[in-house]
1. Test of understanding: ordering Val102, Val22, Val243 by Cβ neighbours within 10 Å, fewest first, what list do you get?
2. If Lys and Arg each add +1 and Asp and Glu each add -1, what is the summed charge of the other residues whose beta carbon sits under 12 Å from the beta carbon of Asp239?
3. Quick one: check the C-alpha center-to-center distance for segment 53-116 versus segment 246-278, whole angstrom.
4. Per the helix-only calculation at 222 nm, which mean residue ellipticity applies to the chain, given -39500 (n - 2.57) for every DSSP H run of n ≥ 4 and division by its residues, nearest 500 deg cm²/dmol?
5. Of the listed values (i) 6, 21, 20, 14, 11, 11, 10, 6, 1, 0; (ii) 6, 27, 35, 24, 8, 0; (iii) 6, 23, 26, 23, 15, 6, 1, 0, identify the label whose number matches P(r) over Cα pairs in 10 Å bins from 0, in percent calculated from this model.
6. Counting Lys +1, Arg +1, Asp -1, Glu -1, what net charge surrounds Ala194 among other residues with beta carbon under 14 Å of its beta carbon?
7. Between Asp242 and Arg40, what FRET efficiency follows from the Cβ-Cβ distance if R0 is 25 Å, with the result rounded to 0.05?
8. Provide His75, His33 in ascending order of the number of other Cβ atoms located within 10 Å of each residue's Cβ, fewest first.
Amino acid sequence: MTDPAATPGEHADRDRPRDGLVIVDKPTGWTSHDVVGRMRRLAGTRKVGHSGTLDPMATGVLVLGINRATRLLGHLALADKEYVGTIRLGQATVTDDAEGDVVSSTSAAHIDAEAVRAVLPTYTGDIQQVPSSVSAIKVDGVRSYARVRSGDEVVLAARPVTVSLFELVELRVVGDLVDLDVRVVCTSGTYIRALARDLGAELGVGGHLTMLRRTRVGGFSLTAAHTLEELEQDLVVADLDDVARVSFATYDLTDDQARDVGFGRTLPGTDLGVGGVVALFSPSGAFLALYEQRGPDAKPVAVFV
């Protein structure tokens, strides 16, 4: 993998970048911001955003929006996320993952799969989770990780998250340590390394995360993802029209309605047919806006023209 700051080859022969999504398989060692920076160069536009940060150690699905699609990211159903990872029992670290210094070591050789599965329900369902102190959460305007690095002791407030699946896939004994391969399905804002920390504490031996790979974000899985090397050769962009059509209920407009939608006007007496956000399309099939039903009228949520 080339350095994140390196300038890629010339892409002057590329067509003007489309509005759409790029599903990246993020490499280890890169921040999400690094990936956004590279995509700005590949796509030839500053208008690139992502749907949710991955730590540098983690790999896997990172959903990027290009141009107008950056505004669509906040409306897509991307809160549900799936991961595979490895938790090491017997060592706790300052960062709750393998990038931090070990702060305690305890033999975990006596921990078996039955003991692990017995405590997993404690961290499944609707739970209150204390995020890792070395995180990007701001405390009085300063990132928590910056406060920790400057010597401050930081304890963040617990926040509600939902872990719909926390599953032990395999247990391996490594000397006095135990490695757990796990699968997790959870909502946005869940810290998998905090799950590792808390599981190790519950078992009385400490724990931290040694590997994490995000396999799905909403309806976008690794099967749709491309490495940065692949995207250097062929920038695969899911068109905004296609993304909107598969992500929302749809409504086809008349010419007159399409003109009104272009100005963000309410559509009086228009029944969209379903509740929630609906994608509106012009007679030619172009995605124009997201609207929702409010009483007898359809009103704009976000206009994309």
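The numbers here are math on the coordinates, done by the rules we state, and not lab data. Keep in mind that this is a model prediction, so the values were computed, not measured. Glycine also receives a Cβ, built like all others from the backbone with ideal geometry; neighbour counts cover every protein chain displayed.
1. Starting with the residue having the fewest Cβ neighbours, the order is Val102, Val243, Val22.
2. 0
3. The distance from the Cα centre of segment 53-116 to that of segment 246-278 comes to 39 Å.
4. Per the formula, -5500 deg cm²/dmol.
5. (iii)
6. Here the count lands on -2.
7. Step by step, r from the Cβ atoms, then E = 0.65.
8. Starting with the residue having the fewest Cβ neighbours, the order is His33, His75.
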